[in-house]
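A.B. asks: Before I ask anything, here is the structure I am working with.
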Amino acid sequence: MGQPDIHVWQHAWRYDQVVVTLNMGDFLNLARNIELHPGVIALREAGLSREDQWQRLCQALEWADDRCGGDLVNKVLEVCGDGDLEIHDVP
């Protein structure tokens, strides 16, 4: 928190970690400029409390595990609302 997006992205890439963000646009631009990345989970709702963010993240992780074995390589998983999730490839 509080670090520039590029530093967060580089850390996640180096340690093979999915980025979880409220700021999808910047991370999508970073993802598009690299051939292989561990994935992005984007919480798309504004004004969520930390508890609500955690709940959405848990939902996203469970959904990803069920739908793609937890593999989000080169994908973005958008959490648009409670139970409203979409996954996209990021070329």
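The values are calculated or read from the model by the stated rules, or taken from the named source; none is laboratory data. In this text the structure is predicted, and so the values were computed from the model without any measurement. For the accessible areas, the whole protein counts, side chains as well, though only heavy atoms, and no ligand, DNA or RNA atoms are used. Shrake-Rupley method; radii C 1.70, N 1.55, O 1.52, S 1.80 Å.
A.B. asks: Please report, as a whole percent, how much of the solvent-accessible surface of the chain comes from carbon and sulfur atoms (probe radius 1.4 Å). Show your work: numbers first, answer last.
C.D. replies: Values: 2800 of 5830 Å².
Summing carbon and sulfur atoms, their accessible area is 48 percent of the total for the chain.
A.B. asks: What does the accessible area per residue of the chain come to in Å², with a 1.4 Å probe and no ligands, DNA or RNA counted?
C.D. replies: Values: 5830 Å² over 91 residues.
That works out to 64 Å² for each residue.
A.B. asks: Hey, what number do you get for the chain at 222 nm if only DSSP H runs of n ≥ 4 count, each worth -39500 (n - 2.57), divided across all residues, to the nearest 500?
C.D. replies: -13000 deg cm²/dmol
A.B. asks: So, one more: Which whole-number percentage describes the relative contact order of the chain, with Cα contacts under 8 Å and a sequence gap of 6 or more?
C.D. replies: Numbers: 126 pairs, mean separation 24.0, N = 91.
Relative contact order, the chain: 26 percent.
A.B. asks: Cα centroid distance between segment 1-65 and segment 77-91, in Å?
C.D. replies: Using only Cα atoms to place each centre, the spacing works out to 11 Å.
A.B. asks: While we're here: Once you sort the root eigenvalues of the Cα gyration tensor of the chain as a ≥ b ≥ c, which label holds: rounded (a/c under 1.5), prolate (a/b larger than b/c) or oblate (the other case)? Mind showing how you got there, number by number?
C.D. replies: Numbers: a/c = 1.74, a/b = 1.22, b/c = 1.42.
Oblate is the answer for the chain, as a/c is 1.5 or above yet b/c matches or exceeds a/b.
A.B. asks: Please state the relative contact order of segment 47-90 as a whole percent: Cα pairs under 8 Å, 6+ residues apart? If you can, show how the numbers build up before the last one.
C.D. replies: Details: 32 pairs, mean separation 12.8, N = 44.
Averaging sequence separation for qualifying contacts and normalising by length gives 29 percent for segment 47-90.
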